[in-house]
Amino acid sequence: MVLKKLPEKGMSREQVMSALNEFRTNDADWRGAKTWSLVYFAGEDILEVAKAAYLAFFSENGLNPLAFQSLKRFENEAAAMTAQMLGGGPDAAGTLSSGGTESILLAVKTARDWARANKPEVKAPEMILPLTAHPAFEKAGHYFNVRSVHIPLDAELRADAEAARKAITKNTILIAGSAACYPYGVIDPIEKLAGIAQENGILFHTDACLGGFILPFLKKLGREIPAFDLSVPGVTSISADLHKYGYAAKGASAVIYKTSELRKFQFYVYTDWPGGVYPSPSMTGTRPGGAIAAAWAVMNYLGESGYLRLADKAMKLSQKLTDGINAIPGLKVMARPDMCVFAFSSDRVNVYELGDLMEAKGWQLDRLQMPPALHMIVTPNHEKIIEPFLAELRSAARQLESKGKGDIAGMAAVYGMVGTLPDRKAARQLVLNFLDDIFKNQ
Ligand SMILES: *Cc1c(COP(=O)(O)O)cnc(C)c1O
C-alpha cells in the first residue's frame with residue numbers, strides 16, 4: 001500500500017464532516033432506490049428510530065451483559081421475539097450476532113462441536129449444502145474444517161432433497177437449506193430436508209437470513225409459504241437477519257436453536273487467562289451496543305402490523321417488477337420466487353452487457369453466474385421507481401438486441417470470464433488479485 005501518515009494536527013469537526021461527505025459523492029444511491037442489494041430501506045421514520053437507538057447506546061459494549069443489563073434485555077427480547085416468530089417452542093434459545101455470516105458461522109461451529117460431543121464415529125465432519133446455499137457456509141467450512149458436500153437443484157431451482165439423502169455418510173453432521181435462497185428467492189424443501197436430517201440423527205439449519213423477517217408475514221397475509229421454521233420436525237437451528245428485512249441498523253442478525261442445550265455448543269469459554277475468566281457468546285469479542293439497541297428499537301417500533309404492511313408492499317412491488325420483466329421480449333424471471341427477491345436471465349441478449357447498460361444509467365444490479373443472470377432485492381423504497389426502471393430496462397434490452405452479439409467489453413467481459421473459466425483455481429486467483437488491488441488503492 002501507499003503508506004499514509006496521520007495528519008500532524010487534527011482537523012476540526014467541520015473539516016472532518018465535510019471530508020466525509022465529499023468522499024461519499026460517488027457512492028451507490030440507495031435512498032433514490034437505484035440499488036437492488038446491500039441496503040434495506042423502508043422509510044426515513046424507521047431509519048430515525050434505528051439511528052436514535054444506535055446513538056443512545058453508541059459506547060456500550062455487549063461483551064459483558066452483566067455490566068449492561070439494558071443490552072442483555074434488548075438482546076434477549078429481540079432473540080425471543082425472533083424465536084416466537086420463527087416457530088420456536090419454550091425450549092428455544094438464541095443470541096444476536098453481527099450479521100448473517102456470523103449467525104451461519106455460529107450454527108456450523110455449533111454443529112461441529114455438537115458432533116464432537118455426541119457422534120464419536122465422525123472422523124472428518126461434512127455438511128450437505130444446496131448449490132444455492134450462501135457462501136457464509138463455505139466460509140464456515142473453511143474456518144472450522146467442515147467439508148461441504150453440494151447437492152443440485154430441481155427444475156424449480158430448489159434443493160433436490162433426494163440428492164441430500166444420497167449424500168449422507170457417517171461423517172455428515174449437518175444439512176442446510178435456505179428460506180429463501182439469495183440467488184433466486186425460492187424456498188428449499190425444508191420439511192423433506194429436515195426430515196432426512198432427523199432420520200439420520202444429525203442437525204439441520206434453516207438459513208432464513210433473507211426471508212426470516214418477510215416469510216412469516218407473507219404467510220399471515222394469506223400467501224402460500226411452505227413450512228421452513230423451527231416448528232418443522234428436524235429443524236434444529238435457524239438464522240434471520242435483523243439488518244435485512246428486519247430494517248434494523250447494520251450489525252444485527254439472530255441465530256436461534258431448538259434448545260438451550262444446543263446453544264451451549266455455540267458459546268466459547270476460556271477459564272485460565274490471567275486477564276480473567278472469559279466467556280463469549282459469539283464470534284466477536286467487543287459487541288457494539290448500538291446495533292443491539294437499534295434491533296430492539298426497530299422491532300418494537302414496527303411491531304407485527306408494521307412488518308405486515310412492509311412485507312405486503314415489498315411483495316406487491318416485486319410482483320409488478322417480475323410481471324414487467326417477463327413482458328420484455330427476451331427477458332425471463334428465473335423460477336417462481338417465494339419472496340421479493342429474484343433473478344432474471346435472457347436467451348437473446350448478454351445479461352452482463354444489459355447490467356453494464358443499466359449501470360451507465362445509474363442502476364446497480366448484482367450479477368449472478370452459472371447461469372448468467374441479474375439479481376434484484378425489492379424493498380418498499382422501490383415504489384417510486386418501478387415504472388422508470390422497467391422503461392429503461394425495456395429500452396436497454398431493445399438496444400442490445402438490435403446491436404447483435406458483438407465484442408463484449410467492460411465489466412460484462414470480466415463477469416463472463418470469471419463465470420466461464422473452466423479452471424476454477426485460476427478464477428479464484430483472478431478474484432484474489434482483484435481483491436488485493438481494491439484494498440491497495442485509495
Ligand atoms: C445476506 C445473507 C447471508 C449473509 O448475511 P450477511 O449479513 O451479509 O453476513 C446469508 N444467507 C442469506 C440467504 C443471505 O441473504
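All of the numbers you see were taken from the coordinates with simple rules; none came from a lab. These numbers were taken from a predicted model, which means no experiment stands behind them. Neighbour counts run over all protein chains shown; Cβ positions are idealised from the backbone, glycine included.
Using θ = phi - 60° and the Karplus form 6.51 cos²θ - 1.76 cosθ + 1.60, what ³J(HN,Hα) does each residue of segment 378-389 get, whole Hz, x for Gly and Pro?
Each residue's phi maps through the Karplus curve to give 9, 10, x, 5, 6, 3, 6, 10, 3, 5, x, 4 Hz.
At most 13 other Cβ atoms within 10 Å plus a DSSP loop assignment makes a site exposed; report the longest stretch of the chain without any exposed chymotrypsin sites (Phe, Trp or Tyr not before Pro).
Counting at most 13 other Cβ atoms within 10 Å as exposed, the longest clean stretch of the chain is 59-438.
State, to one decimal in nm, how far the label point of Ala52 lies from the label point of Arg398, with both points 7 Å from Cα in the Cβ direction.
4.8 nm
Write out the GluC sites (Glu not before Pro) in segment 118-172 meeting two conditions: DSSP loop, and at most 14 other Cβ atoms within 10 Å of their Cβ.
Glu121, Glu156
How many nm is it between the label spots at Asn326 and Ser305, if each spot is 7 Å from the Cα in line with the beta carbon?
3.4 nm
Rounded to the nearest 0.05, what FRET efficiency do Arg348 and Arg147 give with R0 = 30 Å and r taken as the Cβ-Cβ distance? Could you check?
After rounding to 0.05, the efficiency reads 0.15.
Suppose R0 equals 41 Å. What FRET efficiency, 1/(1 + (r/R0)^6) with r the Cβ-Cβ distance, do Asp154 and Val269 give to the nearest 0.05?
0.45
How much of the DSSP beta bridge set in the chain is antiparallel, as a percent to the nearest 5?
Taking every DSSP beta bridge with both residues in the chain, the antiparallel ones total about 60 percent.
For segment 158-213, which trypsin sites (Lys or Arg not before Pro) are both in a DSSP coil and crowded by at most 15 other Cβ atoms within 10 Å?
Lys170
Just check segment 52-300 against the gyration tensor rule for me: Cα atoms, a ≥ b ≥ c as the square roots of the eigenvalues, rounded for a/c under 1.5, and otherwise prolate or oblate depending on whether a/b exceeds b/c.
Note, shape of segment 52-300 comes out oblate.
Taking a ≥ b ≥ c as the square roots of the Cα gyration tensor eigenvalues, with a/c under 1.5 meaning rounded and otherwise prolate when a/b beats b/c, else oblate, which class fits the chain?
Cα axes put the chain in the rounded bin.
With each run of n ≥ 4 DSSP H residues scored as -39500 (n - 2.57), what mean residue ellipticity at 222 nm is computed for the chain after dividing by its residue count and rounding to the nearest 500 deg cm²/dmol?
-13500 deg cm²/dmol
If you filter segment 223-264 for trypsin sites (Lys or Arg not before Pro), then keep DSSP loop positions with at most 14 other Cβ within 10 Å, what is left?
Sites meeting the loop and neighbour criteria: Arg223.
Can you pick out the pairs among Lys139/Lys192; Lys139/Lys166; Lys34/Lys139; Lys219/Lys244; Lys9/Lys440; Lys34/Lys440 whose Cα atoms lie more than 20 Å from each other?
Lys139/Lys192; Lys139/Lys166; Lys34/Lys139; Lys9/Lys440; Lys34/Lys440
Once each part is reduced to its C-alpha centroid, what is the distance from segment 160-197 to segment 394-434 in angstrom?
Here the two parts' Cα centres lie 31 Å apart.
Would you mind getting me the FRET efficiency between Glu224 and Leu432? Use the beta-carbon distance for r and R0 = 35 Å, nearest 0.05.
Once rounded, the FRET efficiency stands at 0.25.
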